[in-house]
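Worksheet: the structure to be examined is printed underneath.
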Amino acid sequence: MKNQSHQTPASTVISASSNTTTLHQLVNKLQLSLLSQTTAKKSFIINNVDKSVSVLADENALAYVIGSLISNAVYSTSNSCIRIETVCVADRLQIRIRNNSSLVYSSHIHIPGNFVEAAEKIGGDIGIETEGKRAITLVFSLAKKAA
């Protein structure tokens with residue numbers, strides 16, 4: 001499945017709750033917290049999240065959802081590049097966790113209900129895109145609102 005999205009505009013803000021969180025900084029923190037697990041799997045994470053994108057939502061809830069999806073990507077493969085980016089599609093901001101692995105253990109990943117429920121509580125949803133056994137992209141999508 002080819003992604004036909006475009007990069008997020010510099011003024012993108014998501015409105016969901018009360019605190020503004022810079023996504024790039026949040027992903028950096030999550031990336032560091034998973035460093036030992038990532039290196040043990042002989043993988044690496046690239047943070048391509050636009051530095052100007054902020055989200056108006058509970059940082060702990062965002063960290064839980066995004067961190068869980070990144071962790072899922074880390075534990076589902078080895079020897080892989082996990083790329084995290086933001087893209088705008090129609091009226092949605094997508095946080096995309098793409099796993100380009102030399103070995104994807106399964107093209108059928110189960111997203112636990114608690115991840116989905118947490119995403120819904122902050123106005124988002126979670127989806128999965130696959131490219132056979134070549135790549136899996138976990139997508140966390142939120143409604144966007146221009147600043």
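The order of the peptides 54-61, 27-34, 125-132 by mean Cβ neighbours within 10 Å, most packed first, is 54-61, 27-34, 125-132.
Given their separation in residues at 0.36 nm each and the Cα-Cα distance between them, residue 39 and residue 117 gain 25.1 nm when the chain is fully extended.
A short reminder: the numbers here are calculations on the coordinates, not readings from a lab. This one's a predicted model, so the numbers in the text were calculated from it and none came from an experiment. Counting neighbours? That spans all protein chains shown, and the Cβs are built from the backbone with ideal geometry, glycine included.
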